[in-house]
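What follows is a set of notes on a single structure, which appears directly below.
The values are calculated or read from the model by the stated rules, or taken from the named source; none is laboratory data. What you see is a predicted model, and the numbers here were worked out from it, not measured in a lab. Here the Cβ is made from the backbone with ideal geometry for all residues, glycine too, and neighbour counts use every protein chain on show. Just so you know, the surface numbers come from the protein's heavy atoms only, side chains and all, with ligands and any DNA or RNA stripped out. Shrake-Rupley method; radii C 1.70, N 1.55, O 1.52, S 1.80 Å.
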Amino acid sequence: MAHHDAAHADVLVAGAGPVGLSAAAELRRRGTSCRIVDRLPARLPYAKAVGIQPRTLELWDRMGLVQAALDIAVPMRGQFLYLNGAERGRIDLALPPEVPYGFAALPQYETERILEEYLNLFGTAIERGTELVSFTQDSTGVTSLLRTPYGEEEVRTRFLVGCDGAHSTVRKGLGLAFEGGALPDEYMLADVEVDWDVPHGYGVRSEHRDAEGALDDLLVCIPLPGVHRYRMSMLVPPELSAAAPTGGDEVAHGLEGGRAPDLTHVQKVLDRLSPQPTTASALRWSSVFRISHRLVDRYGQGRVFVAGDAAHIHPPTGAQGMNTGIQDAWNLAWKLALAVEWTADPDLTASYDAERRPVGEEVVGRTVRHATAGIDTDPADPMTLMRREAQLLVRYPDSPLVEPAEPGAGPGPQPGERAPDCGGLVAEVAAYPLRLFDVLRGREHTLVLYGNGPEVPHVERLVEVIEELAPGRINICAVLATTDAGRAAPVPVYRDAQGEFARLYGTGEEPAAFVVRPDGYLGARLCPPAGAGLASYLSRIFAP
């Protein structure tokens with residue numbers, strides 16, 4: 001048996017799907033050494049998860065890889081709804097203009113390719129055909145047993161992250177509860193071309209309900225890159241149906257082997273439910289799958305964590321699953337990177353569960369409701385519904401990391417909420433306006449100071465606090481309503497030329513400061529920019 005010590009990697013990531021790749025890529029981008037293993041010998045050619053939410057694109061923007069996705073993704077502009085052969089309406093996926101990205105569709109194999117190629121830039125490759133068999137942990141690290149193509153290997157790392165799916169070895173090894181249930185229906189997926197003239201960028205949901213209103217037939221089509229190519233989801237016909245698997249692992253979720261539908265099965269559903277006559281062709285792949293809904297009782301223990309399907313599974317309504325998992329990975333990765341550097345507060349990694357498990361609980365509950373009752377029964381107003389589906393409303397109000405807002409902080413984003421983008425920022429040298437996300441791209445914690453005049457407010461005192469508690473860890477910039485080009489400033493300064501920052505961040509006449517975390521959430525909102533408030537927030541993140 002081969003042995004490796006912690007010098008070879010600080011973090012072991014088990015599972016190289018979109019979630020595991022996101023965790024590994026973000027760790028490597030921050031300079032943290034890691035290994036990523038996957039039991040499969042090659043990437044699967046399946047378009048399982050296809051929806052890319054605007055919030056995920058924002059995170060990819062911060063990493064610097066979003067353009068690779070935008071180059072090949074299909075815009076998701078909306079969905080046509082049909083009931084018993086009649087058009088019932090149309091959902092347009094529209095967001096406010098300050099949101100920089102819309103909804104997109106991208107096959108999972110392309111998402112994995114983009115993330116893998118990005119990871120390779122840091123000299124890290126997926127170790128394929130390598131399976132995590134077991135692990136033990138102690139106060140200083142984790143010892144994992146891997147089964148590789150060359151035999152068994154024992155590896156010692158500081159942390160272990162389980163992104164190994166619904167049947168997670170990491171979850172089972174931690175003894176985590178995974179409570180929930182299964183939906184009764186089976187479904188089939190198919191990646192095909194059709195010759196209809198549905199407008200580009202629109203999906204189709206066509207239902208048939210019986211006299212009592214029960215759903216008895218379903219067709220859901222999501223556009224994919226290519227000419228008239230769609231990922232279609234349908235109920236399984238009787239000849240392909242089978243009993244749910246039983247045995248030691250009772251989680252019935254995901255693709256199943258051995259019962260793949262063919263074009264004949266797909267065409268029969270189209271003949272019944274397509275909004276217009278059409279012929280399916282060029283079948284790329286197909287499968288039968290089941291859906292369960294489950295959530296772990298905690299997202300980790302000690303130095304071992306779970307993310308993505310290893311932590312939560314649910315109906316694919318609204319493309320929430322993969323995107324939620326990618327955001328799990330991001331939330332955990334920046335905290336692990338600080339912990340590896342010994343600069344993190346000892347309780348920082350524990351905040352992963354505190355922040356992300358409530359998100360998983362909400363997503364599981366909402367997607368089950370939407371799958372059983374329909375998204376049109378959601379009582380939220382249309383824009384709130386759209387922002388929530390885009391995952392722009394994910395927030396951490398009860399996080400132990402959040403510095404409570406100062407009394408009278410006013411409107412705008414509060415601590416624990418997403419830091420919104422804005423346009424119209426003007427610098428002295430650049431001859432073009434910038435967005436706030438341009439300023440934040442690739443950065444760690446950033447302190448954004450706002451002032452209503454030409455002076456950068458309170459900057460000297462805040463710099464002193466940073467140098468005392470987190471030297472070299474915080475970026476600082478200023479957004480001013482007006483600037484004096486002849487006055488030197490100790491930090492980069494941007495003019496809020498169109499007033500967008502002031503409007504979206506709810507600033508008034510008084511100065512303010514906003515601490516933006518590496519994952520794009522507000523850690524603190526300081527009005528006025530007091531050193532004590534900044535010190536309190538930094539003490540939640542960084543070691544004394």
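Return the total of residues in the stretch 81-108 being buried (at least 16 other Cβ atoms within 10 Å of the Cβ) and not aliphatic (A, V, I, L, M).
So the answer is 7.
I'd like to verify a number: residues in the stretch 179-194 that are modelled with pLDDT of 95 or more and open to solvent by 20 Å² or more (accessible area, probe 1.4 Å), how many?
1
Given the criteria outside any loop (DSSP other than H, G, I, E, B), more than 19 Å from the chain's Cα centre (by Cα) and at pLDDT below 95, does S292 qualify?
Numbers: outside any loop (DSSP other than H, G, I, E, B): yes; more than 19 Å from the chain's Cα centre (by Cα): yes; at pLDDT below 95: yes.
Yes, satisfied.
Could you check the stretch 375-405 and list, in sequence order, the residues that are surrounded by 18 or more Cβ atoms within 10 Å (Cβ to Cβ), in contact with a Gly (Cβ under 8 Å, 6 or more places away or on another chain) and not hydroxyl-bearing (S, T, Y)?
I375, E389, R395, L401, V402, E403
For G141, are the conditions met, namely being in contact with a Ser or Thr (Cβ under 8 Å, 6 or more places away or on another chain), open to solvent by less than 60 Å² (accessible area, probe 1.4 Å), under 24 Å from Y46 (Cα atoms) and at pLDDT 95 or above?
No, not satisfied.
Any residue in the stretch 316-336 that is without any contact (Cβ under 8 Å) to a residue 24 or more places away in the chain sitting within a Cβ distance under 6 Å of a residue that is surrounded by fewer than 24 Cβ atoms within 10 Å (Cβ to Cβ) and among the hydrophobic types (A, V, I, L, M, F, W, C)? List the pairs, counting only those 6 or more apart or interchain.
These pairs meet every condition: K335/L348.
Restricting attention to the stretch 330-347, does a residue exist that is among the β-branched types (V, I, T), open to solvent by 20 Å² or more (accessible area, probe 1.4 Å) and not in a helix (DSSP H, G or I)?
Yes, the stretch 330-347 contains a residue that is among the β-branched types (V, I, T), open to solvent by 20 Å² or more (accessible area, probe 1.4 Å) and not in a helix (DSSP H, G or I).
Does A211 count as without any contact (Cβ under 8 Å) to a residue 40 or more places away in the chain and either more than 19 Å from H370 (Cα to Cα) or outside any loop (DSSP other than H, G, I, E, B) (or both)?
Working: without any contact (Cβ under 8 Å) to a residue 40 or more places away in the chain: yes; either more than 19 Å from H370 (Cα to Cα) or outside any loop (DSSP other than H, G, I, E, B) (or both): yes.
When the stated conditions are applied, A211 passes them.
Please count how many residues of the stretch 355-371 are of a type in the set (A, V, I, L, M) and either surrounded by fewer than 16 Cβ atoms within 10 Å (Cβ to Cβ) or more than 20 Å from the chain's Cα centre (by Cα) (or both).
Start the filter on the stretch 355-371 by keeping residues that are of a type in the set (A, V, I, L, M), which leaves 359, 363-364, 368, 371.
Checking which are either surrounded by fewer than 16 Cβ atoms within 10 Å (Cβ to Cβ) or more than 20 Å from the chain's Cα centre (by Cα) (or both) leaves us with 371.
So the answer is 1.
Output the strands (runs of 3 or more DSSP E) that fall wholly within the stretch 475-542 and possess 2 or more residues being open to solvent by 10 Å² or more (accessible area, probe 1.4 Å), or say none.
493-496
Please verify whether T157 is surrounded by 16 or more Cβ atoms within 10 Å (Cβ to Cβ) and in contact with an Asp or Glu (Cβ under 7 Å, 6 or more places away or on another chain), treating the condition exactly as stated.
For T157, the condition - surrounded by 16 or more Cβ atoms within 10 Å (Cβ to Cβ) and in contact with an Asp or Glu (Cβ under 7 Å, 6 or more places away or on another chain) - is met.
For P149, which of the numbered conditions (1) touching a residue at least 40 places away in the same chain (Cβ under 8 Å); (2) in contact with a Lys or Arg (Cβ under 9 Å, 6 or more places away or on another chain) fails to hold?
Going through the list (1) touching a residue at least 40 places away in the same chain (Cβ under 8 Å); (2) in contact with a Lys or Arg (Cβ under 9 Å, 6 or more places away or on another chain), P149 breaks only (1).
Against the definition (hydrophobic (A, V, I, L, M, F, W, C) and either under 32 Å from the mean Cα position of the chain (by Cα) or within 17 Å of V516 (Cα to Cα) (or both)), how does V465 come out, yes or no?
Here the answer is yes, as V465 does meet what is asked.
For the stretch 129-147, name all the residues that are hydroxyl-bearing (S, T, Y) and touching a strand residue (DSSP E or B) at 6+ places or on another chain (Cβ under 7 Å).
T130, S134, T136, T143, S144
So T136 fits all but one of (1) free of Cβ contacts under 8 Å to residues at least 60 places away in the same chain; (2) within 28 Å of Y46 (Cβ to Cβ); (3) of a type in the set (S, T, Y); (4) surrounded by fewer than 19 Cβ atoms within 10 Å (Cβ to Cβ); what number is the exception?
(2)
Quick check on my filter: what residues within the stretch 53-80 are closer than 22 Å to Y230 by Cα, among the β-branched types (V, I, T) and surrounded by 19 or more Cβ atoms within 10 Å (Cβ to Cβ)?
Kept after step one, since they are closer than 22 Å to Y230 by Cα, are these residues of the stretch 53-80: 53-54, 56-57, 68-80.
In the following step, the residues that additionally are among the β-branched types (V, I, T) were identified as 56, 72, 74.
Answer for the stretch 53-80, where residues must be closer than 22 Å to Y230 by Cα, among the β-branched types (V, I, T) and surrounded by 19 or more Cβ atoms within 10 Å (Cβ to Cβ): T56, V74.
Going residue by residue through the stretch 226-239, is there one that turns out to be touching a residue at least 12 places away in the same chain (Cβ under 8 Å), out of contact with any Leu (no Cβ under 7 Å at 6 or more places or on another chain), small (G, A, S) and more than 24 Å from G85 (Cβ to Cβ)? Explain how you work it out, then say what you get.
Filtering the stretch 226-239 down to residues touching a residue at least 12 places away in the same chain (Cβ under 8 Å) leaves 226-237.
Still in the list and also out of contact with any Leu (no Cβ under 7 Å at 6 or more places or on another chain): 226-229, 236-237.
Among the residues that remain, those that are also small (G, A, S) are: 226.
Right, trim to more than 24 Å from G85 (Cβ to Cβ) and you get 226.
Yes, that holds for at least one residue.
Run down L12, L21, L27 and say which single residue is among the hydrophobic types (A, V, I, L, M, F, W, C), more than 19 Å from the chain's Cα centre (by Cα) and surrounded by 23 or more Cβ atoms within 10 Å (Cβ to Cβ).
Result: L12 is the single residue among L12, L21, L27 that is among the hydrophobic types (A, V, I, L, M, F, W, C), more than 19 Å from the chain's Cα centre (by Cα) and surrounded by 23 or more Cβ atoms within 10 Å (Cβ to Cβ).
Pairs under 6 Å by beta carbon, first residue within 18 Å of G226 (Cβ to Cβ) in the stretch 270-284, partner in a strand (DSSP E or B), six or more apart or different chains?
Within 6 Å, the pairs are L270/A280; T278/V194; A280/V192; A280/V194; S281/E193; A282/E193; L283/V192; R284/D191.
Taking the stretch 419-461, which residues are of a type in the set (G, A, S), open to solvent by less than 20 Å² (accessible area, probe 1.4 Å) and farther than 12 Å from A478 by Cβ?
The answer is A419, G423, G424.
Can you tell me which of G423, G360 is assigned to a helix (DSSP H, G or I) and in contact (Cβ under 8 Å) with a residue 60 or more places away in the chain?
Answer to the check: G360.
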